[in-house]
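Below is one structure, written out as structure tokens; the observations come after it.
The values are calculated or read from the model by the stated rules, or taken from the named source; none is laboratory data. Quick caveat: nothing in here was measured; it's all calculated off a predicted structure. Cβ atoms come from the backbone with ideal geometry, glycine included; neighbour counts cover every protein chain shown. To get the accessible areas, we keep the full protein, side chains included, count just its heavy atoms, and leave off ligands, DNA and RNA. Shrake-Rupley method; radii C 1.70, N 1.55, O 1.52, S 1.80 Å.
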Amino acid sequence: MKNKNFFPKRYFMVVGTFLLALLLYIDRICISVAKEPISDALGLNDKQMGWVLAAFSLGYAFFQTPSGILADRLGPRKVLTTIVSIWSIFTAFTGMVWNFISLLVIRFLFGAGEAGAFPGMSRAIYSWIPLKERGFVTGINFSGSRLGAAFALPLVAWLIEAYGWRTTFYILGFVGLFWALAWFLFFRDNPEEHKNISQAEKEFIIATRQEQKISKDVEKINFKKLLKSKNMWLAMGQYFCSNFTFFFALTWLFPHIKSKYQLETIEAGFYTAVPLIFGAFGNWFSGWLIDRIFKKGKWDRSRMLPASLGFAFAAIGLVGSIYMHTAIGAILFLSLAIFGADMTLPPSWAFCVDIGKQHSGAISGTMNMAGNIGAFITALLFPYLLVWTGSNKLFFIVGGVLNIFAIVLWSKMKSEKNYLEY
């Protein structure tokens, strides 16, 4: 009876990574909600704020692969503790900015700090989570990011109105430092190293994860072979398309809905939280669907089908939102788009762990780098197209086309083949 766990230790790790994803997106979306008071305080226009939002994506993209490699070599315990501390410090520093350049630099460094979060989570999942649970656990983690963003919209709007935007960034920075301390104290890189896990659970994890023996000495990844991998390029391409859609929700959705439908700040916060909540449901549904199909012995299909279905929903939602004349109608279609875009995340990250194994941090980081180039383009394209064409229709049409293209890419991806094999 001593070996029986009513709440397995590996699920405590999932709670930790879920809370990390929650915090990650609360910190990230705060800048979008604070756009107006920051612009007023620093005298910035929409194009300059576009560059501020894009600076985050650029820093986030550039440091994805290096931070993923560090997670593979040093382990997610040290790496996640360090990077969460770094980005929390720069979250607080955002409250100290004095002009456009200082804000640009600090948001770039904030993005660089956040870069290792999901690659570090992927590396932890590889060591701790059985293969048959990988889809749902990945879905839970990414749903945390969507719930964090949804929760942040009205909460941060209230904090800013009550205490000001500078104090809001200070508060969020402190919360991040608290998470980093807790992670370092309670998490271990492998179940074999955790003193409080039962023998029964330890044996179950080792027997059912992708590889039973995990070496502490990880071989250096061969970038020449990585860049020759068809699987790697396909993963990068489809994730570029996915992030193009979702990053709109993190950056321009709030100001777009607020401005177009003449809403008050807190009212706009509640409206724009809805698509992000649908995004959380998209992650849960996709993760469940992945594991259900996988249990039938269809490994490739368990990744391809949920992703393709998600991209189809995203295309319909983006294009449909163009023709809505009320905030409620637009939010309904954009909720479908974000639900679909988020359905693509669990299969994408599970795919990276599938083909990367002990290099899953580097593989997922490289995919996420490409995705955040898409996010960088989104942050700039939306305001520039609006100025050039006088309408946002073209932006949503481009997003719809990219989502259809991603379905074609997924039809060629092979989950069962290591990145060195295909």
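Brief remarks on what is shown
- Qualifying positions in the range 317-328 - crowded, with 21+ Cβ neighbours inside 10 Å and free of Cβ contacts under 8 Å to residues at least 60 places away in the same chain: 317
- Picking from residues in the range 406-422 that are at pLDDT 85 or above and open to solvent by less than 40 Å² (accessible area, probe 1.4 Å), the one that is farthest from residue 240 (Cα to Cα) is 413.
- Close Cβ contacts (under 7 Å, 6 or more residues apart or on different chains) running from residues in the range 394-422 that are without any contact (Cβ under 8 Å) to a residue 12 or more places away in the chain to residues that are among the polar types (S, T, N, Q) and surrounded by fewer than 19 Cβ atoms within 10 Å (Cβ to Cβ) are absent.
- Qualifying residue in the range 382-405 (condition: modelled with pLDDT of 80 or more, open to solvent by less than 30 Å² (accessible area, probe 1.4 Å), under 29 Å from residue 298 (Cβ atoms) and not small (Gly, Ala, Ser)): yes
- Subset tally (residues that are closer than 12 Å to residue 42 by Cβ and modelled with pLDDT under 85) for the range 95-126: 0
- Count of the range 252-285 residues which are farther than 22 Å from residue 22 by Cβ, of a type outside the set (S, T, N, Q) and in a helix (DSSP H, G or I): 6
- Filter result (farther than 20 Å from residue 280 by Cβ, at pLDDT 85 or above and surrounded by fewer than 22 Cβ atoms within 10 Å (Cβ to Cβ)) within the range 329-358: 329
Matching residues to (1) closer than 17 Å to residue 107 by Cβ; (2) open to solvent by 30 Å² or more (accessible area, probe 1.4 Å); (3) in contact with a Leu (Cβ under 8 Å, 6 or more places away or on another chain):
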{"position": "11", "(1), (2), (3)": "no, yes, no"}
{"position": "24", "(1), (2), (3)": "yes, no, no"}
{"position": "31", "(1), (2), (3)": "yes, no, yes"}
{"position": "38", "(1), (2), (3)": "yes, no, yes"}
{"position": "41", "(1), (2), (3)": "yes, yes, no"}
{"position": "52", "(1), (2), (3)": "yes, no, yes"}
{"position": "63", "(1), (2), (3)": "yes, yes, no"}
{"position": "67", "(1), (2), (3)": "no, no, no"}
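- Among the residues listed as 72, 40, 46, the single one being over 15 Å from the mean Cα position of the chain (by Cα), under 24 Å from residue 350 (Cα atoms), charged (D, E, K, R) and at pLDDT below 90: 72
- Residue list for the range 118-156, filter: over 27 Å from residue 299 (Cβ atoms), hydrophobic (A, V, I, L, M, F, W, C) and surrounded by fewer than 24 Cβ atoms within 10 Å (Cβ to Cβ): 147, 151, 155
- Pick from the range 185-210, criterion within 26 Å of the chain's Cα centre (by Cα) and in a loop (DSSP other than H, G, I, E, B), ranking: surrounded by the most Cβ atoms within 10 Å (Cβ to Cβ): 209
- Condition check for residue 364: touching a residue at least 12 places away in the same chain (Cβ under 8 Å) and open to solvent by less than 10 Å² (accessible area, probe 1.4 Å): yes
- Applying the condition of being out of contact with any Pro (no Cβ under 7 Å at 6 or more places or on another chain) and β-branched (Val, Ile, Thr) to the range 117-145 and asking which residue is nearest to residue 25 (Cα to Cα) yields 140.
- Among the residues of the range 286-309, the ones that are open to solvent by less than 80 Å² (accessible area, probe 1.4 Å) and part of a helix (DSSP H, G or I) come to 16 in all.
- The residues of the range 55-73 that are touching a Lys or Arg at 6+ places or on another chain (Cβ under 9 Å) and among the aliphatic types (A, V, I, L, M), listed by number, are 55, 69, 70, 71.
- If you go through the range 86-104 and pick out every residue that is open to solvent by 30 Å² or more (accessible area, probe 1.4 Å) and either aromatic (Phe, Trp, Tyr) or in contact (Cβ under 8 Å) with a residue 12 or more places away in the chain (or both), you end up with 9.
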